[in-house]
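The values are calculated or read from the model by the stated rules, or taken from the named source; none is laboratory data. Since this is a predicted model, take the numbers as computed values, not measurements. Neighbour counts are summed over all protein chains in view; Cβ atoms, including those assigned to glycine, are modelled from backbone coordinates with ideal geometry.
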Amino acid sequence: MFRILLHYRPSFTRCQLKIILAFVVFSSPFWVQSQDLITLRNGKQIECTITKIDSATIHYNFWKGDRELSSYIGTDNVKSYRKKTPDNFSGSVTDSLPAPQATMVVVDTSKYIKETQRWTNLITYSQRIGANAKGWSVQYYGYNFRSTAKWFIPLLFGVESFDIDPGYFDKSGYTYASMSYFNAGISPFYQLNEFFLMNLGAQLVFGDEELQDARGSESSHSFFGIAPSQGIYFISKTKVGITLGISVYEKLLSSKVYKSDVGLKLEMGIKF
């Protein structure tokens with residue numbers, strides 16, 4: 001029994017190899033630029049076919065497996081894009097690309113800053129010095145800090161105590177008063193720079209007061225009002241640090257003994 005093994009070994013002349021190599025080198029730029037390319041501000045690149053460009057969005061088609069899909073992206077997320085020459089280019093421009101060849105367009109040259117988020121807690125103690133009352137308060141602020149945001153709306157809880165100025169209290173005609181109330185509202189922060197924030201608050205006040213007049217008669221009274229405030233805060237950039245604030249506050253109430261006030265709040269605390 002015989003076995004005949006035949007081996008075929010293709011052979012190329014040196015001249016043929018040079019021709020093949022020259023073809024590969026010459027045609028490789030066309031392979032590389034066979035698709036359009038969108039580069040995002042975070043460095044990610046999208047190989048696609050750009051179909052439409054306007055001032056706000058770039059529309060494109062891309063392949064996922066064996067399916068061609070369409071999508072778009074806002075130009076505010078795009079650093080640059082490269083668009084190849086349309087196969088049917090006839091000398092007219094339909095999407096603001098000026099050159100009849102692969103064109104690189106830079107959309108945004110600003111430094112990309114990755115957005116970060118973290119929950120921030122503040123616990124502060126403050127002294128309140130008003131025209132008609134003086135007191136103290138303890139507050140908790142909690143908010144989600146986003147590095148790309150300017151406004152932050154915190155959760156706010158607190159307790160406060162104050163003593164009405166005797167001269168102001170005597171004008172009410174009562175000899176004794178005990179007030180209990182709660183506030184409801186918002187107190188947003190606006191970031192001025194990396195260290196300082198502006199605080200604008202508006203609180204609705206609801207409460208009850210127990211009163212006693214000069215004859216010893218006791219009575220109770222419900223009251224309501226509004227308490228706006230405006231302030232500037234220093235908040236440390238570190239994860240754990242200090243916070244300092246100074247605010248102007250106002251009160252306008254329907255109370256029998258404490259009808260209005262304006263004052264200064266000096267605040268200090270910790271951030272964590």
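Does Ser172 meet the test of being in the same structural domain as Val257 (by TED's automatic domain parsing), surrounded by 12 or more Cβ atoms within 10 Å (Cβ to Cβ) and over 27 Å from the mean Cα position of the chain (by Cα)?
Criteria met by Ser172.
So the check is Cβ under 7 Å with 6+ separation or different chains; which pairs have a first residue in the range 48-67 that's surrounded by fewer than 13 Cβ atoms within 10 Å (Cβ to Cβ) and a second one that's of a type in the set (Lys, Arg) and part of a loop (DSSP other than H, G, I, E, B)?
none
If we scan the range 214-228, do we find a residue that is in contact with an Asp or Glu (Cβ under 8 Å, 6 or more places away or on another chain) and within 18 Å of Glu267 (Cα to Cα)?
Within the range 214-228, one or more residues are in contact with an Asp or Glu (Cβ under 8 Å, 6 or more places away or on another chain) and within 18 Å of Glu267 (Cα to Cα).
Suppose the filter is among the small types (Gly, Ala, Ser) and either surrounded by 14 or more Cβ atoms within 10 Å (Cβ to Cβ) or within 34 Å of the chain's Cα centre (by Cα) (or both); does Gly167 pass it?
Against the criterion (among the small types (Gly, Ala, Ser) and either surrounded by 14 or more Cβ atoms within 10 Å (Cβ to Cβ) or within 34 Å of the chain's Cα centre (by Cα) (or both)), Gly167 does not qualify.
Condition check ((1) acidic (Asp, Glu); (2) crowded, with 19+ Cβ neighbours inside 10 Å; (3) more than 21 Å from the chain's Cα centre (by Cα)) across all residues:
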{"residue": "Phe224", "(1), (2), (3)": "no, no, yes"}
{"residue": "Pro228", "(1), (2), (3)": "no, no, yes"}
{"residue": "Ser236", "(1), (2), (3)": "no, no, no"}
{"residue": "Ile242", "(1), (2), (3)": "no, no, yes"}
{"residue": "Ser247", "(1), (2), (3)": "no, yes, yes"}
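Quick one: how many residues across the range 175-195 are within 18 Å of the chain's Cα centre (by Cα) and surrounded by 14 or more Cβ atoms within 10 Å (Cβ to Cβ)?
Result for the range 175-195: 4.
Of everything in the range 171-206, what is in contact with a strand residue (DSSP E or B) (Cβ under 8 Å, 6 or more places away or on another chain), among the small types (Gly, Ala, Ser) and not in a strand (DSSP E or B)? Give them in sequence order.
Matches in the range 171-206: Gly173, Ser187.
Report whether or not Glu210 is surrounded by 13 or more Cβ atoms within 10 Å (Cβ to Cβ) and out of contact with any Gly (no Cβ under 8 Å at 6 or more places or on another chain). Please lay out each step first, then the result.
Working: surrounded by 13 or more Cβ atoms within 10 Å (Cβ to Cβ): yes; out of contact with any Gly (no Cβ under 8 Å at 6 or more places or on another chain): yes.
Criteria met by Glu210.
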